[in-house]
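Right, one structure below, let's go through it.
The values are calculated or read from the model by the stated rules, or taken from the named source; none is laboratory data. Only a predicted model underlies this, so the values are computations on that prediction, with no experimental measurement involved. A quick note on method: Cβ atoms are made from the backbone with ideal geometry, for glycine too, and the neighbour counts reach across all protein chains shown. Remember, those area values only see protein heavy atoms, side chains included, never the ligands or the DNA or RNA. Shrake-Rupley method; radii C 1.70, N 1.55, O 1.52, S 1.80 Å.
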Amino acid sequence: MCCVFAASAARARCVVKGSLSRFRYRGRGRCSEKRSEPGAGSVPGFGSRAQPRAAAAPPRRPLPPPPRLRGPGRAMRAAGAARGAALAAAAVTAVALALAAWRRARPVREVLFFPSRPCCIEALLAEAAEPGAPARPCPCPLPSGDTALSRLVRRLLSARRSLDLCLFAFSCPQLARAVQLLHRRGVRVRLVTDSQYMGLHGSQIGRLRHAGIQVRHDQHSGYMHHKFAIVDRRMLITGSLNWTTQAIQSNRENVLVVEDAEYVKAFQDEFERIWEEYNPANYSFFSQRQ
């Protein structure tokens, strides 16, 4: 009876103290070690000497992928992508236009050196005569690459209002065609030249006068030795080059193309002075009526 009572008291004390597995009661020597039955009175973590091991954390589950857009969501995403592409294209176009405007606003500074290898400028003349027309192949065997002559022709063809020429000699047929084209396009062309070189074989002066271009020449013993052109009163073309085939294809020559208001004004004033001085009304070899 005592043993049963002692065992009951020990079991109650085990519940209070939270013993995990077993307990030992030392009374009068009549009670031996007793094992606690599983779940019969052990309270894990409550007053026990040996703490239980922490349970391993469960493995993390990967996050589920975002749901795919369907119906209106997919349409909104497609609309957003199209809007972004349109904005990017508009930005690229704006940058290209700004760059082109900057290049147009930048003053011209160019130096051309001769001799220039023979080249075909038919494509340049055709484009200037009929802007936007499809290019037609030229049957001539000459190449149509970028040369000093083609650059000079391109600068001349940029004229929109006026072209003033002051040249010692003019016998290059390609340059003469460019000048005639400008005249047919409505550009006001004026030409001052030397009287002794007007009648030389191959001179283009007679052809230009026949086309209706105003030509004036000197009447003095000295040479009218200038070699310059003024495009639209804003661009100056000057240098050592005579506008002859010999000089373009064989001679060491130079041409400076510049947009500078100060230099252009100085050459424009000189041209106007010579133009008035070479007025046919002032020629002394014409008979004056009494």
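Kindly indicate whether Leu182 is of a type outside the set (S, T, N, Q), in contact with a strand residue (DSSP E or B) (Cβ under 9 Å, 6 or more places away or on another chain), outside any helix (DSSP H, G or I) and closer than 27 Å to Ala126 by Cα. In short, no. For region 234-273, which positions are closer than 21 Å to Tyr197 by Cβ, without any contact (Cβ under 8 Å) to a residue 60 or more places away in the chain, open to solvent by 40 Å² or more (accessible area, probe 1.4 Å) and under 34 Å from the mean Cα position of the chain (by Cα)? Across region 234-273, there are no qualifying residues. Being at pLDDT 85 or above and either surrounded by 10 or more Cβ atoms within 10 Å (Cβ to Cβ) or of a type outside the set (Asp, Glu) (or both) is not true of Pro134. Residue pairs whose Cβ atoms lie under 9 Å apart, sitting 6 or more positions apart in sequence or on different chains, and linking a residue in region 94-122 that is in a helix (DSSP H, G or I) to a partner that is at pLDDT 90 or above, do not occur here. Selection of region 196-210 for residues being small (Gly, Ala, Ser) and surrounded by 15 or more Cβ atoms within 10 Å (Cβ to Cβ) yields only Ser203. Do we find a residue being modelled with pLDDT of 70 or more, within 41 Å of the chain's Cα centre (by Cα) and open to solvent by less than 70 Å² (accessible area, probe 1.4 Å) anywhere in region 65-78? Yes: region 65-78 contains one or more residues that are modelled with pLDDT of 70 or more, within 41 Å of the chain's Cα centre (by Cα) and open to solvent by less than 70 Å² (accessible area, probe 1.4 Å).
Quick one: is Arg190 of a type outside the set (A, V, I, L, M) and over 26 Å from Phe113 (Cβ atoms)?
Working: of a type outside the set (A, V, I, L, M): yes; over 26 Å from Phe113 (Cβ atoms): yes.
Answer is yes for this residue.
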